[in-house]
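What follows is a short report on a single structure.
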Amino acid sequence: MAHEVELQTAGNMWKVMVKPGDTVAAGDTLFIMEVMKMEVPHEAPADGVVRAVNIHEGDEGLDAGFIAVVID
Amino acid sequence: MNKILIANRGEIACRVLRSAHALGARTVAVYSDADRDALHVASAHEAVHIGPAKAAESYLNVEALLAAAASTGATAIHPGYGFLAENAAFAARVIAAGLVWVGPTPEQIDAMGDKERARRSASAAGLPVVPGSPRFALDELEGLEAAAAAVGYPLLVKASAGGGGIGMRLVEGEAQLRKTTQATQSMAARSFGDGTIFLERYIPRARHVEIQVFGFGDGRAIHLFERDCSIQRRYQKVVEETRAPGLPDAVRAQMANAATALAASQHYRGAGTVEFIVDAETFEFFFLEMNTRIQVEHPITECVTGLDLVELQLRLAGGEALAGLTQAQVKLTGHAVECRLYAENPAKMFLPSPGKLVKFQLPSPGDGVRVDTGVREGDTITPYYDPMLAKIICHAPTRAAALAKMTLALAATQVEGIWTNVEFLRRVIAHPAFERGAVFTGFIEAHKADLLA
């Protein structure tokens, strides 16, 4: 079952830790946004393999709800 | 000092503009790409674009700021708080460019800006300090465990260049020490360009009480009483008040005198704040740090003293001796509380919430209510800067009356389009423990079931 990881908030992309094909465990940090001087980490909701990474480090003006990473 | 450039944005830029205009000065605002239509830009006589949205390329861009001052013929720069306000190199550049720097001397900023050096100065001036370690540079952790044992657990790992709770982590025991220290160092290196840290004893039930001081630059200094800023989330202040509830008068006086002595010993110039950590049980107090700038929560002090701190900053920087302003002249009336309205979702770990202010209704100012803001309905809150939307300040003869006024003010506050902490603030003000004055820095964590449910 595919899990879509959405951005919890609008903001900028600070660090992306995964690339397609990576194996991740539930709770692993996938990427960290930088929003209003605060780091906002996003974690893998389940074990799986990263199918898609739709964000890049340095992206600005991202919207909340955008599907950033897909895990299978 | 006939033309003042405000090297800042948001509510503090608007706040400084207000006092500058009251003194009859011309003003220059600066703005990034994200702030073209911001309130502070519209409020100044002139405005200069200084770069892209990212603060590092605009509000922290020394060359762009100095160029803006030169092109507009500004004669002075007020830095507000945050950004370059406590950057000694910037202050020195401003002065070297022949402009008036509205703030302490670069040497004073340097002496207090580095927390470990500040502790030594405070200690030398007779102030009690929390047990702490020498500094450890990035990846040079030889002797860390022994230093930690000497400080005692639990302890905080603190970035030397940090501030406002940023760059500070708790360690309960030796098992976590090295890992947490390394994580703090890499974060500090990234955020501040300096990975140096030190260790400091952690007081489990602590209050954060600070003394507002004002120095005249010639060894004279006064205090404007204390502020209790114990209600914090993520080590950042949410609610502040003066007087500090339940603090014995003798302790207040000792802290105020100690802070004044420190400012006097430094020949401190301008507005500053001496922060103390106070043991909520024993009322023992320890020097934490000195902030060499106007503070976010300065309005509550203005309410109870009737003084305008920004006006005093500007007049002192403009060359006035302010000889009439003696300690005996500073009188305190009533009690004042400030709530910081943030664009964030308390229920989701205070997750920041940028977006459009579809509705933005604040309480009407007057009759003991003051509102400081830098945004208005229809504005978009961008992800680039601080999440604070407004400060709501209430002043009344007693603490109970000030809290009652705040309850009404928060009821009148309505924001739509983004998440805010307004309901959270209402619950803090109404909480029985807060009403009792049982405040400490762990208040929100301890009462989160009531505050966040």
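Here, each number is a calculation from the coordinates, and none is a lab measurement. Only a predicted model underlies this, so the values are computations on that prediction, with no experimental measurement involved. When we count neighbours, we look across all protein chains shown, and the Cβ atoms used for this are built from the backbone with ideal geometry, even at glycine.
So here's what we get for this one:
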read-out: Length-normalised contact order for chain A - Cα pairs under 8 Å, 6+ apart - percent; value: 45
read-out: From phi via Karplus (6.51, -1.76, 1.60), per-residue ³J(HN,Hα) for the range B:211-224 in Hz, x at Gly/Pro; value: 10, 7, 10, 9, x, 9, x, 10, x, 7, 8, 10, 10, 10
read-out: Other-chain or far-sequence residues with amide H under 5 Å of residue A:59's (modelled H); value: A:13
read-out: Assigned charges on the beta-carbon of Lys, Arg, Asp, Glu; the range B:131-201 dipole about Cα centre (debye); value: 220
read-out: Cβ-placed point charges (K, R +1; D, E -1), dipole of the protein assembly as shown about Cα centre in debye, nearest 20; value: 1260
read-out: 5 angstrom amide H check on residue B:289, placed H, neighbours 5+ away; value: B:275
read-out: Residue range of chain B that is longest and free of GluC sites (Glu not before Pro) which are both DSSP loop and sparsely packed (at most 16 other C-beta within 10 Å); value: B:1-139
read-out: The range B:327-432: trypsin sites (Lys or Arg not before Pro) in DSSP loop, at most 11 other beta carbons within 10 Å; value: B:331
read-out: Gyration tensor verdict on the range B:182-246 (Cα atoms; rounded if a/c is under 1.5, prolate if a/b is larger than b/c, oblate otherwise); value: oblate
read-out: Using θ = phi - 60° and Karplus 6.51 cos²θ - 1.76 cosθ + 1.60, couplings along the range B:84-96 (whole Hz; Gly, Pro as x); value: 9, 4, 10, 9, 4, 5, 5, 4, 5, 5, 4, 5, 4
read-out: Rg over Rh [alpha-carbon atoms, Kirkwood Rh] for the protein assembly as shown; value: 0.95
read-out: Selection of trypsin sites (Lys or Arg not before Pro), the range B:207-287, meeting DSSP coil and at most 15 other Cβ within 10 Å; value: B:234
read-out: Under 5 Å, built H, 5+ apart or other chain: amide partners of residue B:30; value: B:6, B:8, B:48
read-out: Pair-distance profile P(r), taking every C-alpha pair of the range B:3-102, with 5 angstrom steps and integer %; value: 3, 15, 29, 29, 19, 6, 0
read-out: Cα-only radius of gyration and Dmax that characterise the range B:329-453, units Å; value: 15.0, 47
read-out: Number of partner chain Cβ atoms within 10 Å, mean per residue of B:337-346; value: 1
read-out: Relative contact order [Cα under 8 Å, 6+ residues apart], the range B:3-102, whole percent; value: 29
read-out: Dimensionless Rg over Rh [the range A:3-71; C-alpha; Kirkwood]; value: 0.93
read-out: Percentage, to the nearest whole number, of Cα pairs in chain B over 37 Å apart; value: 22
read-out: Cα convex hull of the range B:131-201 - mean projected area over all directions, nm²; value: 3.9
read-out: Rounded to whole Hz, the Karplus (6.51, -1.76, 1.60) HN-Hα couplings of the range A:62-68, x for glycine and proline; value: 6, 9, 4, x, 4, 7, 8
read-out: Centroid-to-centroid separation of the range B:71-120 and the range B:391-453 [C-alpha atoms, Å]; value: 35
read-out: Ranking of A:13, B:349 by count of other Cβ atoms within 10 Å, fewest first; value: B:349, A:13
read-out: Straight-distance crosslink candidates among lysines, where the alpha carbon sits under 17 Å from residue B:158 and sequence neighbours closer than 8 are dropped; value: B:115, B:179
